[in-house]
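The values are calculated or read from the model by the stated rules, or taken from the named source; none is laboratory data. Note that the structure is a prediction, hence the values are computed from the model and not measured. Here the Cβ positions follow ideal geometry from the backbone for every residue, glycine too, while neighbour counts run over all protein chains shown. Only protein heavy atoms, including side chains, enter the accessible area calculation; ligands, DNA and RNA are left aside. Shrake-Rupley method; radii C 1.70, N 1.55, O 1.52, S 1.80 Å.
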Amino acid sequence: ANLSILVLGTQDIWQEGCHERGRTMKTALITYHAAHNNGSFLQAFATQKAIEQLGHECDVIDFSTPRQQYLYDVYKKVSGPKDIAKNLYALLHHKLIQQRHDDFVALQHQALRLTPKFYETVEQLEELNGQYDVFVSGSDQIWNMDAWDYSDAYLLSFVHQGRKISYASSMGGHILDKKGDKALADYYAKLLADYQAISVRELSAQEYLQPLVKQQVEQVLDPTLLLDAGAYDSITAEPLVHEPYIFYYAIDSIELNDSAAKAVQAFAQSKGLPVYVMFTGNKSYGLKKYGFHLLEVAAPNHYLSLIKNADYVLSASFHGTAFSIKFEKQFYVIRGKHNGKVNMDDRMSSLLALCGLDSRQLIEGEAWDDSTIDYQVVDEKLGREVERSKQYLRHALQD
């Protein structure tokens, strides 16, 4: 399939304006593009497109740590009993797991413009110095040092020649809990000291970082919200369900809990609609006991199709929420309960607040807002932030 796209309308005007304002920059983007996670791939795709629409060249650095590769390998290198169990499971479900792996790798190589070489260590990345005008730390939780696949490379520790900027980098939803860790704060301050422009995705990250650095820390939108909805057509699969349905997006083991599933069940019963879920990992099969239909598809093109064509989208994922808004769907954020406490996440809460959609939450045992979302109002609120975020990126990329 042809995965190159031309975005018409306002995006073209935006791009043409950029050519008038400055020279074309050769940029290198580092982000979690190789994670087999729908949101990770789609934010990488969107960041690259947004930079290109500003009239600049953009390569995604084909970087993946050995730890990240381990996470997404079909069969794990055995270092203990858990790896044997994982490999046995992969063998039992080989066709689906292998297909998911292959679909992600194919999309990464077809839809993204990657560097010619693959890198897996900070030392290897050193050779990129001097090859690019600007290095960009992208979006996703690349600045969350608790992440299994974190590396200082995502804070551009290897760059000694070229401007350093960030766009919508995330530190995770709980960074403010770590305000008392002086060693951690000092480490972030050191790595960010020579950035020319810093922007983060969440207000909590802005609040955490601003006292640590001299630069102004901007809070901007996730890159997936910068593109027109049509920009995703070339990587969206044909409709997968041929009846009215609810799409419930439950990331494996994170949002799979009884409380969230029961909230989905109650909502589906009230609407008289079937619930479809997609495969995100071995615990997805547990959703069948709630009467949900598990589709044996797992890649970003399927994910986009299931959101775009659903009657309702129920999601506990940030990007599930972002794409529900992008495709103007009737949606709810699922909030699971653990020991009676509702699971809140700053990332989704701030997005809902920005769009005036705080009430679009579904919690077990609680009433929900059954009104229809007025996207004319949402678009007005979101549109201002889209333009502000584009402005930040435009200025950050220039000399």
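A quick yes/no check of all residues on (1) surrounded by 18 or more Cβ atoms within 10 Å (Cβ to Cβ); (2) basic (Lys, Arg); (3) more than 16 Å from Ala197 (Cα to Cα):
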residue	(1), (2), (3)
Glu126	no, no, yes
Asp133	yes, no, no
Ser139	yes, no, no
Tyr150	yes, no, yes
Tyr154	yes, no, no
Ser157	no, no, no
His160	no, no, no
Lys164	yes, yes, no
Ser170	yes, no, no
Next item on the list: Return the only residue of Tyr290, Tyr276, Tyr285 being of a type outside the set (D, E, K, R) and within 23 Å of Val74 (Cβ to Cβ).
Entry: Tyr285
Checklist line | Contacts under 7 angstrom Cβ, first residue in the range 178-198 being touching a residue at least 12 places away in the same chain (Cβ under 8 Å) and charged (D, E, K, R), partner part of a helix (DSSP H, G or I) and open to solvent by less than 20 Å² (accessible area, probe 1.4 Å), 6 or more apart | finding: Lys179/Tyr208
Checklist line | Asp194 being outside any helix (DSSP H, G or I) and surrounded by fewer than 16 Cβ atoms within 10 Å (Cβ to Cβ) | finding: yes
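If I go through the range 238-276 residue by residue, how many of them are assigned to a loop (DSSP other than H, G, I, E, B), β-branched (Val, Ile, Thr) and in contact with a helix residue (DSSP H, G or I) (Cβ under 9 Å, 6 or more places away or on another chain)?
Total satisfying the criteria: 2.
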Notebook entry, point to check: Out of the range 66-109, which residues are over 30 Å from Thr236 (Cα atoms) and aromatic (Phe, Trp, Tyr)?
Noted result: none
Check: From the set of residues in the range 323-372 that are modelled with pLDDT under 95 and among the basic types (Lys, Arg), which is surrounded by the fewest Cβ atoms within 10 Å (Cβ to Cβ)?
Finding: Lys341
Next item on the list: Kindly provide the set of residues from the range 103-116 that are open to solvent by 30 Å² or more (accessible area, probe 1.4 Å), over 19 Å from Phe279 (Cβ atoms) and either in contact with a Phe, Trp or Tyr (Cβ under 7 Å, 6 or more places away or on another chain) or assigned to a helix (DSSP H, G or I) (or both), ordered by number.
Entry: His109, Gln110
Checklist line | Complete set of residues in the range 212-237 that are among the acidic types (Asp, Glu) and in contact with a helix residue (DSSP H, G or I) (Cβ under 7 Å, 6 or more places away or on another chain) | finding: Glu218, Asp222, Asp228
Next item on the list: Give the range 255-273 a look and list any residue that's of a type in the set (D, E, K, R) and either more than 22 Å from Tyr72 (Cα to Cα) or open to solvent by 60 Å² or more (accessible area, probe 1.4 Å) (or both), or say none.
Entry: Asp258, Lys262, Lys271
Checklist line | When residues of the range 286-316 are limited to those that are among the polar types (S, T, N, Q) and under 15 Å from Ile246 (Cβ atoms), the one most open to solvent (accessible area, probe 1.4 Å) | finding: Asn309
Margin query: Go through the range 125-142 and report how many residues are of a type in the set (Ser, Thr, Tyr) and assigned to a helix (DSSP H, G or I).
Written below: 0
Notebook entry, point to check: Within the group Arg100, Arg67, which residue is crowded, with 19+ Cβ neighbours inside 10 Å and more than 23 Å from Tyr195 (Cα to Cα)?
Noted result: Arg100
Checklist line | the range 203-240, subset open to solvent by 10 Å² or more (accessible area, probe 1.4 Å), in contact with a Phe, Trp or Tyr (Cβ under 7 Å, 6 or more places away or on another chain) and hydrophobic (A, V, I, L, M, F, W, C), residue farthest from Thr47 (Cα to Cα) | finding: Leu212
Checklist line | Test set (1) under 25 Å from Leu351 (Cβ atoms); (2) buried (at least 19 other Cβ atoms within 10 Å of the Cβ); (3) not basic (Lys, Arg) - Phe279 fails condition number | finding: (1)
Next item on the list: For the range 202-219, indicate whether the set of residues that are assigned to a strand (DSSP E or B), within 19 Å of the chain's Cα centre (by Cα) and among the acidic types (Asp, Glu) is non-empty.
Entry: yes
